[in-house]
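One structure is given below, encoded as C-alpha cells.
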Amino acid sequence: MILQEAFAVDPWALREVHLDLGLLAQTESLFALSNGHLGWRGNLDEGEPHGLPGTYLNGVYETRPLPYAETAYGLPESGQTVINVTNGKLVRLFVDDEPFDVRYGELRAHERTLDFRAGTLSRTAEWVSPAGRAVRVSSTRLVSLTQRAIGAIRYEVQPLGHNARIAVQSELLANEQVDVTSNDPRVAAALENPLDAEYDNGRDLSAVLVHSTKRSKLRVGAAMDHTVEGPDGVLTETRVFTDGGVVTAAVVLEPGQKLTVTKFVAYGWSGTRSLPGVRDQVWAGLTAARQTGWDGLLKEQREYLDDFWDCADVQLDGDTEVQQAVRFALFHVLQAGARAETRAIPAKGLTGPGYDGHAFWDTEMFVLPVLTLTAPDAAANALKWRHSTLPLAIDRAAQLGLKGAAFPWRTIAGQECSGYWPAGTAAFHINADIADAAACYVSITGDTGFDRGPGMELLTHTARLWRSLGHHDPRGRFHIDGVTGPDEYSAIADNNVYTNLMAQRNLLQAAEAAKRYPDRAKQLGIDMEEAASWRDAAEAMLIPYDEMLRVHPQAEGFTGHQIWDFANTEPEQYPLLLNFPYFDLYRKQVVKQADLVLALQVCGDAFTAEEKARDFDYYEALTVRDSSLSANTQAVIAAEVGHLDLAHDYLGEAALMDLHDLEHNTRDGVHIASLAGTWVALVAGFGGLRYRGGMLAFAPRLPEGLTRLAFNLKYQGRRVSAEITRSTAKYSITDGEPIEIMHDGERVTLAADKPVTRPMTAVPPRTRPSQPTGREPLHRRPTPDAT
C-alpha cells in the first residue's frame with residue numbers, strides 16, 4: 001500500500017511530502033508525464049536510485065517468439081513488447097565531485113508535485129553531501145501537450161552556506177540498464193539492449209542519436225539541446241558516443257548564486273522513413289521547441305489544460321480524497337490519448353511496461369466514453385488507430401474461418417499477441433466494443449465524416465463477423481456459442497449475455513448505417529439481403545434467462561454451475577487465477593470482473609428495473625474483483641438500483657486503485673481504465689448519465705456521504721453542465737442551439753444561459769447485498785443499518 005500520509009490531499013495536485021525509497025517504482029508511475037506519443041516515467045532526475053526506468057514512444061516495440069509446447073492452428077506466433085527507448089530526462093549533479101544521490105549524505109527535505117493544471121512535475125530537495133556541502137535543487141519537467149515530440153526540463157542548483165564547485169550533466173542514454181522482472185526469457189531478450197546504434201552526432205550544447213530495433217525494425221531518433229544560465233565562468237562541454245550524449249555545465253557557485261540548465265528533448269520514430277528522415281524530424285522538433293522557449297512551453301501547456309478542465313472538470317463535495325483522485329484520473333486519461341494520433345491507448349498508457357504495453361478492449365469500453373465527452377479529438381484518434389488495423393483484423397477473421405473482422409484481444413501494432421487462446425481467439429466481444437465506441441462517438445460529436453468513413457467500415461466488418469460466427473437454431477433463435485465474455489473466469493461459453501446484447505446492437509447499428517449511406521453501402525458490398533440478415537439475427541438474438549432464479553445467467557447454463565467455495569478460500573489465494581487452475585474456475589460460479597453487470601450498464605434498455613436489481617444482488621455474491629475493471633461498473637449499477645452507500649464504496653476503490661496501489665502492481669504503470677472508471681462511477685453512477693434514443697438522459701442520486709456533484713460534458717458542439725445536490729439537479733448549456741435532455745424520465749429543454757432546475761427523486765433504501773467472504777469493498781463511512 002502507498003501510505004496516504006506520504007501524500008498531501010490537494011484538489012489540484014498530487015504532492016509527495018517526503019521520499020520513500022521503498023515506493024520508488026509506484027511513485028514513478030503516479031508521477032509519469034505523457035502526451036499519448038511520448039511517455040516519461042517519474043524517475044528522479046539523476047536516474048538513480050530508481051524502481052523502473054522508463055521512456056516510451058507509443059507504437060515502438062520489439063517482437064518476440066511465442067513458442068508453444070504443442071502446435072495448434074490459429075495461435076499467434078509472435079508477441080510484441082514495449083521497450084524503454086532513449087532516456088532524455090537524465091540530469092546528474094556533482095557537488096565538489098560527489099554525485100547527488102539521495103541514498104548518501106543527508107536529505108534534509110524532498111518534495112515532488114504533479115500539477116494537474118500546469119501539466120508539470122516539479123521537485124525540490126535540500127541535500128548535504130557526505131563531505132558536508134549543502135545544496136538546494138529544484139527541477140520542473142513537462143511532456144508537451146501542444147508539441148507532441150517534446151519533453152523539457154528546467155534544472156536549478158544553488159549552494160547553501162558555502163561556495164561549491166558544481167557540475168550539471170545532461171544526458172541522452174540509449175540501452176539503459178533495466179531490471180527485467182518477468183520470468184519469461186523471451187521478454188527479457190526483447191528488453192535487454194533493444195536498440196542498435198545507427199547515428200550519433202553533437203555540436204554546441206546539442207546531441208542527436210538514431211537507433212533501430214533489432215527485430216521489429218523500427219527507427220527511433222532522440223535529440224537534445226540546452227540553454228545555460230549562471231555567473232561568469234560557466235564552462236560547457238559536449239560529448240557524444242554510440243549509445244549516448246552528455247552535455248556538461250560546470251562552475252563555482254557562491255551562496256546566493258544559481259546555475260540553471262534548461263533542457264529540450266525531441267523524439268520521433270518510424271517503421272518506414274530513412275535514417276536522415278528520422279534524424280531531421282527530431283532536429284526540426286527540437287528547433288521549434290527552442291523557438292518557443294521554456295516559458296512558451298509552460299504557457300502552451302497551461303492554456304491547453306485550461307481548455308480541457310473548462311469542459312472536463314468534476315467537482316465533488318463530501319469526499320476530498322476522491323475529489324483529488326478524479327482529477328488525478330482525468331489528467332492521466334488525457335495524457336494517455338491527447339496526442340496519440342492514430343496510435344493505441346495502452347492499458348497502462350505510457351506510464352510503465354505493464355501488460356507488455358498492449359491495448360485491450362479497455363480502451364473502447366472504459367476510456368473512450370470519457371474522452372468522447374471531454375476530449376473528443378483524442379477519442380477520434382484512438383478509433384482511427386483501430387480503423388488503421390482493420391486489414392489485419394480481416395486477415396485474422398479469415399484465418400479463423402470467419403467473415404468480417406476479428407480484432408485482437410491484446411496488441412500494440414494490430415496483430416494478435418495473446419498466446420492464451422480462450423482470450424486471444426474466443427473473446428470476440430471486443431469487436432462489438434469497438435463498433436459501439438465508434439457509434440457513440442458519432443452520436444455524441446455529430447462527426448458525419450467519421451460516420452460515413454472509418455465508422456461505417458468498422459460497423460460493417462464487425463457485423464459481418466457476428467453474422468458469420470453465430471447461427472439460427474431450429475426455433476429461429478440466433479446463438480453465439482463458444483465465446484469468452486468480459487469475465488475471464490468463465491471461458492468458451494454459449495450465449496454470453498453481454499456478448500449477445502453487444503452483438504445485437506452492432507448488427508442493428510451496421511444496418512442503420514447502410515440505410516443512412518446507400519452509396520457507401522454499395523462501395524462496401526452491402527446489399528439489401530445482407531443488411532436484412534443483420535436485422536434478422538439481431539431480432540432473433542438469444543438472451544438466456546433463468547426462470548427459476550429469476551435472474552439472467554452470465555452465459556447459458558452458468559447459474560447451474562456449482563458455486564465457488566468462498567468460505568474456504570483464504571485471502572492470500574486471491575487473485576484466484578494465480579492459485580487455482582482455470583479448469584476449476586471455468587466450471588464454477590465465480591466472477592473475476594463485472595460481466596453480466598456490465599451488460600446492465602451499457603445495454604440497460606434490455607432489462608427492467610426489477611431485473612437489474614435482482615441481477616445485481618445475485619452477482620454481488622459471486623464477484624471477487626480480481627480485475628481493476630470491475631469496481632467502477634459495480635459502482636454505476638449499485639447507484640442505479642439504490643445501493644448508494646455501496647456505490648460510494650466502489651467509487652473509492654476505482655478512484656484509489658493506483659493512489660493506494662490496491663492491486664499491488666502500480667509499479668508497472670497506472671490503470672488507465674480504472675482511472676477512467678472513476679469518472680464513469682461519478683458521472684454515470686451518481687449523475688445517472690445514459691445515452692438513450694439520441695438524447696442525454698440523467699437519473700441523479702447522491703449517497704449520504706456526498707453533498708454536491710458537478711460536471712461538464714462536450715455534446716454536439718455544446719458544453720452541457722450538471723450540478724447535483726441532495727435536493728435538486730440543475731442543468732445548463734453555455735452555447736449552441738437548444739437541446740432536449742431527460743431528467744428521471746422527464747423531457748427537459750435546455751437553451752443557452754437558461755439553466756433548468758428539477759427536484760431530486762428520492763431513492764428507496766435497499767438491503768445491502770453481500771460479497772464473497774473477504775472481498776467486500778472498503779467502506780468509505782459507517783454503513784447505516786439495513787432497512
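Remarks
- Subset tally (residues that are polar (S, T, N, Q), part of a strand (DSSP E or B) and in contact with a Ser or Thr (Cβ under 8 Å, 6 or more places away or on another chain)) for region 725-753: 3
- In region 493-524, of all residues being out of contact with any helix residue (DSSP H, G or I) (no Cβ under 6 Å at 6 or more places or on another chain) and in a loop (DSSP other than H, G, I, E, B), the one that is most open to solvent (accessible area, probe 1.4 Å) corresponds to 494.
- Region 384-422, residues that are within 20 Å of the chain's Cα centre (by Cα) and open to solvent by less than 30 Å² (accessible area, probe 1.4 Å): 385, 386, 389, 407, 408, 409, 411, 412, 414, 416, 417, 418
- Residue list for region 753-768, filter: closer than 14 Å to residue 617 by Cα and either among the charged types (D, E, K, R) or surrounded by 17 or more Cβ atoms within 10 Å (Cβ to Cβ) (or both): 766, 768
- Members of region 691-727 found to be open to solvent by 50 Å² or more (accessible area, probe 1.4 Å) and among the polar types (S, T, N, Q), listed by number: 707, 716, 727
- Of all residues in region 541-581 being in contact with a strand residue (DSSP E or B) (Cβ under 6 Å, 6 or more places away or on another chain) and assigned to a loop (DSSP other than H, G, I, E, B), the one that is most open to solvent (accessible area, probe 1.4 Å): 561
The rows are residues; the columns are (1) surrounded by fewer than 18 Cβ atoms within 10 Å (Cβ to Cβ); (2) touching a residue at least 12 places away in the same chain (Cβ under 8 Å).
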position	(1), (2)
461	no, yes
466	no, yes
469	no, yes
475	yes, no
481	yes, yes
484	no, yes
489	no, yes
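- Residue within region 292-313 that is over 30 Å from residue 9 (Cα atoms) and modelled with pLDDT of 95 or more present: yes
- Considering residues of region 293-326 that are of a type in the set (Gly, Ala, Ser) and touching a Ser or Thr at 6+ places or on another chain (Cβ under 8 Å) only, the residue surrounded by the most Cβ atoms within 10 Å (Cβ to Cβ): 325
- Between 502, 541, the distinction of being under 16 Å from residue 432 (Cα atoms) and within 29 Å of the chain's Cα centre (by Cα) belongs to 502 only.
- Candidates in region 249-287 are the residues that are of a type in the set (Lys, Arg) and not in a strand (DSSP E or B); of these, the one that is farthest from residue 96 (Cα to Cα) is 273.
- Residues within region 16-46 that are in a loop (DSSP other than H, G, I, E, B), open to solvent by less than 10 Å² (accessible area, probe 1.4 Å) and among the hydrophobic types (A, V, I, L, M, F, W, C), tallied: 3
- Answer residue from region 268-290, given it is among the small types (Gly, Ala, Ser) and in contact with a Phe, Trp or Tyr (Cβ under 9 Å, 6 or more places away or on another chain) and is nearest to residue 56 (Cα to Cα) among those: 285
- Test set (1) in a helix (DSSP H, G or I); (2) in contact with a Gly (Cβ under 7 Å, 6 or more places away or on another chain); (3) open to solvent by 50 Å² or more (accessible area, probe 1.4 Å) - residue 290 fails condition number: (2)
- All of 405, 413, 435, 393 fail the test of being closer than 30 Å to residue 311 by Cα and aliphatic (A, V, I, L, M), apart from 435.
- Test for residue 611: is it over 16 Å from residue 686 (Cα atoms), of a type outside the set (Val, Ile, Thr), assigned to a helix (DSSP H, G or I) and open to solvent by 10 Å² or more (accessible area, probe 1.4 Å): yes
- Filter result for the condition that a residue is modelled with pLDDT of 95 or more and over 31 Å from the mean Cα position of the chain (by Cα), over 728, 761: 728
- Residue check, residue 594 touching a residue at least 60 places away in the same chain (Cβ under 8 Å), buried (at least 19 other Cβ atoms within 10 Å of the Cβ) and either assigned to a loop (DSSP other than H, G, I, E, B) or among the aromatic types (Phe, Trp, Tyr) (or both): yes
- Among the residues of region 628-653, those identified as among the small types (Gly, Ala, Ser) and either crowded, with 24+ Cβ neighbours inside 10 Å or modelled with pLDDT under 95 (or both) are 628, 630, 631, 635, 638, 639, 647, 652.
- Residue list for region 696-716, restricted to those being touching a helix residue (DSSP H, G or I) at 6+ places or on another chain (Cβ under 8 Å) and either among the acidic types (Asp, Glu) or in a loop (DSSP other than H, G, I, E, B) (or both): 699, 700, 701, 702, 703, 704, 705, 706, 716
- Selection within region 540-553: residues that are out of contact with any Asp or Glu (no Cβ under 6 Å at 6 or more places or on another chain) and touching a residue at least 24 places away in the same chain (Cβ under 8 Å). The member of this set that is farthest from residue 458 (Cα to Cα) is 549.
The values are calculated or read from the model by the stated rules, or taken from the named source; none is laboratory data. As the structure is a computational prediction, the values presented were derived from the model and not from experiment. Methodologically, a virtual Cβ is constructed for each residue, glycine included, from the backbone with ideal geometry; neighbour enumeration extends over all protein chains shown. We work out accessible area using only protein heavy atoms, side chains counted, and drop any ligands, DNA or RNA first. Shrake-Rupley method; radii C 1.70, N 1.55, O 1.52, S 1.80 Å.
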